[in-house]
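A.B. asks: Here it is: the structure, laid out below.
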Amino acid sequence: MRITLWGTRGAITTPGPSKLEHGANTACVTITDGDRMLILDAGIGIIPLSERLMATKRPKDHLHLYLLLSHLHWDHVIGLPFFIPVFLPSTTLEIYGRSTQEVEAATERLFTSTYSPIKGTENLGATLIYRAVEPNTNDIGGFRVTHSTLRHPADSLAYRIESGDQAVVYATDHEAGDAASDNALIDLARGADILIHDAQWTVSEQGQYEGFGHSSWKQAVDNGLAAGVKTLVLFHHHPHHDDQLLNDIASQATAHAGDALEVLVARDNMVLEP
Ligand SMILES: [Zn+2]
Ligand SMILES: [Zn+2]
């Protein structure tokens, strides 16, 4: 499997000279294996993905794409109206979330004339199909997908994606500190090759922002250790955390994890191959 991080920020994009190393796009990740691909979330990071897809697409290619949404907060959907494949009649896009109706209503809203010149999804070229993830194992685009519910305002879904004997878990927008939801996430992530985990806060910020639905880097490391994963990727960076602070977090998190766990700080365009 190959994991590409197209956007790694939370909340809003705040590009600038102090963010060049880690980038400023909001959440979007792809998981590929051969010619199969899943897209996780549609933040601003889906725009560079869109450019990559269009650069490699031949005119007659039919794109059949699968988008799994963690939840519907702006930073996870705001890139969809700018995702070029949705304008092409040769595209089929299956969008997964917690419920078909919820995903459909949210997508329709993104393309209404209030927010977009498109005036409704019926004017898009692509065929959109809305789906809910099933409680047990789903076969989505040739990957095995299971999920659990995270602790976040309006909830967020964590996804475990498996292909062959490899497993990647995407768990963003989660406030650690509640045993039941942490244990559900730890069970989902157990033994995974890679765990991508919300790490929006420093340790001191986490104490100030209880109830906001996010974790500190230290809580992410503790969950990664409890789940026995090989590599933890700290994700959903606070928009004001600059490269210097994120590099400091990398050092502290690596020291806290010890030898049992590799810790990486996500940055836009990072590619991982477990
Ligand atoms: Zn978010
Ligand atoms: Zn959120």
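The values are calculated or read from the model by the stated rules, or taken from the named source; none is laboratory data. Values in this document were obtained by computation on a predicted structure and should not be read as measured data. Note: ideal-geometry Cβ built from the backbone for every residue, glycine included; neighbour counts use all protein chains shown. Ligands, DNA and RNA are excluded from the accessible area calculation, which covers all protein heavy atoms including side chains. Shrake-Rupley method; radii C 1.70, N 1.55, O 1.52, S 1.80 Å.
A.B. asks: Take the residues of segment 32-46 that are surrounded by fewer than 24 Cβ atoms within 10 Å (Cβ to Cβ) and in contact (Cβ under 8 Å) with a residue 40 or more places away in the chain: which is nearest to the chain's Cα centre (by Cα)?
C.D. replies: 37
Table: residues versus (1) assigned to a loop (DSSP other than H, G, I, E, B); (2) open to solvent by less than 20 Å² (accessible area, probe 1.4 Å).
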{"site": "157", "(1), (2)": "no, yes"}
{"site": "169", "(1), (2)": "no, yes"}
{"site": "176", "(1), (2)": "yes, yes"}
{"site": "180", "(1), (2)": "no, no"}
{"site": "183", "(1), (2)": "no, no"}
{"site": "212", "(1), (2)": "yes, no"}
{"site": "219", "(1), (2)": "no, no"}
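A.B. asks: Give the residues of segment 1-31 that are without any contact (Cβ under 8 Å) to a residue 40 or more places away in the chain and crowded, with 16+ Cβ neighbours inside 10 Å, sorted by residue number.
C.D. replies: Within segment 1-31, 30 is the sole residue that qualifies.
A.B. asks: Still on this structure, please answer the following. Report the residue count in segment 120-153 for those that are aliphatic (A, V, I, L, M) and within 16 Å of ligand 1 (Cβ to nearest atom). It would help to see each step written out before you state the result.
C.D. replies: First pass over segment 120-153, keeping only residues aliphatic (A, V, I, L, M): 124, 126, 128-129, 132-133, 140, 145, 150.
From the residues that got through so far, the ones that are within 16 Å of ligand 1 (Cβ to nearest atom) too are 150.
Qualifying residue count for the region: 1.
A.B. asks: Given the criteria open to solvent by 30 Å² or more (accessible area, probe 1.4 Å) and not aromatic (Phe, Trp, Tyr), does residue 109 qualify?
C.D. replies: yes
A.B. asks: Is it the case that residue 148 is surrounded by 15 or more Cβ atoms within 10 Å (Cβ to Cβ) and in a loop (DSSP other than H, G, I, E, B)?
C.D. replies: When the stated conditions are applied, residue 148 does not pass them.
A.B. asks: Any residue at all in segment 57-69 that's crowded, with 23+ Cβ neighbours inside 10 Å and farther than 25 Å from residue 166 by Cβ?
C.D. replies: no
A.B. asks: Here's a follow-up. Give the residues of segment 70-79 that are without any contact (Cβ under 8 Å) to a residue 60 or more places away in the chain and surrounded by 24 or more Cβ atoms within 10 Å (Cβ to Cβ), sorted by residue number.
C.D. replies: 77
A.B. asks: Is segment 238-261 home to any residue that is within 15 Å of the chain's Cα centre (by Cα) and crowded, with 19+ Cβ neighbours inside 10 Å?
C.D. replies: Scanning segment 238-261 turns up at least one residue that is within 15 Å of the chain's Cα centre (by Cα) and crowded, with 19+ Cβ neighbours inside 10 Å.
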